[in-house]
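Input: a single structure, listed below in structure tokens.
We did not get these values from a lab; they are worked out from the coordinates using the rules stated. Note that this is a predicted model, so its numbers are computed, not measured. Methodologically, a virtual Cβ is constructed for each residue, glycine included, from the backbone with ideal geometry; neighbour enumeration extends over all protein chains shown.
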Amino acid sequence: MTDILPIKNKPVRFAVGNPNGLSSNSWKVWSTKSGIYITCRDSFREVKVSLHTSKRWRIGFTDKAIEKRPDLLSSPEQNRAWEVWDRPGETLPNTTVAFHLYFPTSELALRPEHRIGEEWKDAIFFIDPAPPGRMKILTVFFMRRDLTPLFGSEPGLVLASFDLANGEYVKLIAHADPDTNIQEMIASSADQARLSAASKGVHSFPPDAYLYFGGQLHDGSRYIMGARFNR
């Protein structure tokens with residue numbers, strides 16, 4: 001499928017992993033006049049990342065998720081956004097590093113029999129996982145010029161290229177970087193999730209439970225990463 005890349009101005013659907021073996025969940029990135037949006041298409045579909053051209057960005061529950069599951073919020077007055085932040089400044093020439101999806105190879109967990117349903121019927125681009133000691137990263141870049149930024153420790157794959165109504169360009173690039181400290185980050189996030197669940201009276205979890213968490217990097221960009229809950 002590399003001959004059709006980059007996908008331009010239409011939704012790109014992808015998973016990291018082997019179509020005949022283990023993979024990540026299915027993800028979707030798309031553009032509208034108001035910006036770029038990122039969502040998981042299966043087990044984490046209640047959440048959406050919104051990178052608006054207004055430069056006010058957010059991550060949180062979708063309207064549809066709250067309609068179906070009002071209990072996701074502790075009260076009707078609670079904001080469905082987990083975090084709202086201003087677009088960070090440029091850290092590369094003419095380029096803002098906006099958002100990352102991290103896919104450590106050790107955390108790929110979906111087997112072929114799991115990849116069923118509507119979210120897997122559309123064309124899915126499978127991205128090769130990273131070799132041991134590295135992890136695959138999907139990064140969104142906002143640019144004032146139509147260029148391919150040099151980012152990471154090795155050449156990347158331009159998965160999608162979007163032209164925005166405000167004259168900017170957005171690239172979605174798959175690349176691999178060292179997975180230094182990733183296992184420590186996962187363990188710490190799992191411990192925090194256990195403490196939070198215990199405070200609500202939940203003390204046991206299925207063997208195949210999966211955890212999603214996020215954070216902020218030094219350049220102001222944010223990330224989401226999925227991991228096996230039981231270490």
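Put in order of Cβ neighbour count within 10 Å, fewest first, the listed residues Lys28, Lys68, Lys121 become Lys121, Lys68, Lys28. Would the stretch 2-179 count as rounded, prolate or oblate if I go by the C-alpha gyration tensor, calling it rounded below 1.5 in a/c and otherwise prolate when a/b exceeds b/c, oblate otherwise? Because a/c hits 1.5 or more and a/b fails to exceed b/c, the stretch 2-179 counts as oblate.
Under the criterion of Cα pairs below 8 Å and six or more residues apart, the relative contact order for the chain equals 21 percent. Between Asn94 and Lys55, the C-beta separation translates, for a Förster distance of 22 Å, into a calculated FRET efficiency of about 0.90.
When the GluC sites (Glu not before Pro) in the stretch 75-127 are filtered for DSSP coil states and for at most 15 other beta-carbon atoms within 10 Å of their beta-carbon, the remaining sites are Glu77, Glu90. Students often get this wrong: which residues of the stretch 82-113 have the backbone nitrogen under 19 Å from the point 7 angstrom along Cα-to-C-beta of Asp146? The answer is 94-96. Charge dipole of the stretch 2-179 (Cα centre as origin; +1 on each Lys and Arg Cβ, -1 on each Asp and Glu Cβ, all else neutral): 400 debye, rounded to the nearest 20.
Given the options Thr95, Thr39, Thr180, which has the most mean-square fluctuation in a GNM of the chain, springs set between C-alpha atoms less than 10 angstrom apart? Checking each option, the largest mean-square fluctuation is seen for Thr180. Going down the table (Lys10/Lys33; Lys64/Lys136; Lys48/Lys171; Lys33/Lys136; Lys28/Lys121; Lys33/Lys55), which pairs top 20 Å between alpha carbons? In this structure, Lys64/Lys136; Lys33/Lys136 exceed 20 Å between Cα atoms.
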